[in-house]
Amino acid sequence: MRPAALRYSRYSPAEMPNTIYVLNGPNLNLLGMREPELYGRATLADVEKLCRSTAQRFGLGVEFHQSNHEGQIIDWIHQARAEKAVGLVINPAGFTTTSISILDALYTLEVPVIEIHITNIHARESFRHDSYVSKVARAVICGFGVEGYALAITGLAALIGAKA
Ligand code: CA2
């Protein structure tokens, strides 16, 4: 079944938007290469594969990106809006607790935003607890390791009515 908002739309089935964005913030390019005791051994390339295979089960395509630069992440959020993405998953990493600009960009989206963290940020230092992104996120997943990305996409698919 197509996402509810698109079921009676002007799109023919072939041109129906079906792309989700998966965005990753600073230092996540180092996944699997540093601090494996905290973040595990999977690399960001492994995470991208996991996201693509999970999304494919629901007929969804993936735009997968990582940047160490706040403005680049904001540009991808704008792109998600312009390209009519059907949802967005974001691990804002260090920008989680600092970036009002990422929050403002996410507020411009009309599709569900899912926030994901590999670690349980609430079991870590208090400065990691207060997320700006959570103010706009429809759901937040943390502490499941990189498997959280698959859970985020599965939950997003359920929210938009994309069936396996
Ligand atoms: O648990 C998460 O996914 C975090 O978003 C990761 C961020 C951290 O600032 C958040 O509080 C929680 C840090 C990302 C750093 O990524 C690295 C990965 C491998 C090695 C070193 C850093």
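The values are calculated or read from the model by the stated rules, or taken from the named source; none is laboratory data. What you are looking at is a predicted structure, and each value in this text was computed from that prediction instead of being measured. Using ideal geometry, Cβ is built from the backbone for each residue, glycine included, and neighbour counts are taken over all protein chains shown. Heads up: the accessible areas ignore ligands, DNA and RNA and are worked out on the full protein's heavy atoms, side chains in. Shrake-Rupley method; radii C 1.70, N 1.55, O 1.52, S 1.80 Å.
On the accessible surface of the stretch 25-164, probed at 1.4 Å, how many percent belong to carbon and sulfur atoms? All intermediate terms of the calculation are to be shown ahead of the outcome.
Values: 3480 of 6960 Å².
That share works out to 50 percent.
Nearest 500 deg cm²/dmol is fine: what mean residue ellipticity at 222 nm does the chain get from its DSSP H runs of n ≥ 4 alone, each adding -39,500 (n - 2.57), divided by its residue count?
On the way: 5 runs with 53 residues, N = 164.
Mean residue ellipticity, 222 nm, calculated: -9500 deg cm²/dmol.
Among the helices of the chain (complete DSSP H runs), which have Cα atoms covering no less than 15 Å along the helix axis and a Kyte-Doolittle mean of at least 0.5?
Long hydrophobic helices here: 147-160.
What does the net charge come to around GLU115 if you take all other residues with beta carbon closer than 15 Å to its beta carbon, with K and R at +1 and D and E at -1?
It works out to a net charge of +2.
Quick one: grab the alpha carbon gyration tensor of the stretch 93-164, order the square roots of its eigenvalues as a ≥ b ≥ c, and give me rounded if a/c is under 1.5, else prolate or oblate depending on whether a/b is larger than b/c. List each step's numbers first, then the result.
Values: a/c = 2.92, a/b = 1.23, b/c = 2.37.
Oblate.
Kindly sort LEU23, LEU50 by accessible area of their heavy atoms, largest first, with the probe set to 1.4 Å.
On the way: LEU23 0, LEU50 45 Å².
The ordering from most to least exposed comes out as LEU50, LEU23.
Of the beta bridges DSSP finds with both residues in the chain, what % are antiparallel, to the nearest 5? Spell out each step's value before the answer.
Details: 0 of 18 bridges.
Rounded to the nearest five, the antiparallel share is 0 percent.
SER67 accessible area, nearest 10 Å², 1.4 Å probe?
SER67 has an accessible surface of roughly 10 Å² with all protein chains in place.
Once you sort the root eigenvalues of the Cα gyration tensor of the chain as a ≥ b ≥ c, which label holds: rounded (a/c under 1.5), prolate (a/b larger than b/c) or oblate (the other case)?
Numbers: a/c = 1.89, a/b = 1.49, b/c = 1.27.
Taking the square roots of the gyration eigenvalues as a ≥ b ≥ c, the chain is prolate.
Which whole-number percent gives the relative contact order of the chain, counting Cα pairs below 8 Å spaced six or more residues apart? Walk me through the intermediate numbers first.
Numbers: 289 pairs, mean separation 47.7, N = 164.
It comes to 29 percent, rounded to a whole number.
Given a 1.4 angstrom probe, what's the average accessible area per residue across the chain, in square angstrom? Intermediate values should be presented prior to the final figure.
Details: 8480 Å² over 164 residues.
Heavy-atom accessible area per residue stands at 52 Å².
Using the Cα gyration tensor of the stretch 27-109, with a ≥ b ≥ c the square roots of its eigenvalues, what is the shape: rounded (a/c below 1.5), prolate (a/b larger than b/c) or oblate (neither)? Walk me through the intermediate numbers first.
Values: a/c = 2.46, a/b = 1.16, b/c = 2.11.
Oblate.
Looking only at GluC sites (Glu not before Pro) in DSSP loops with at most 13 other Cβ atoms within 10 Å, what is the longest site-free stretch of the chain?
Numbers: sites that count: GLU83, GLU110, GLU125.
Result, exposed sites excluded: 1-82.
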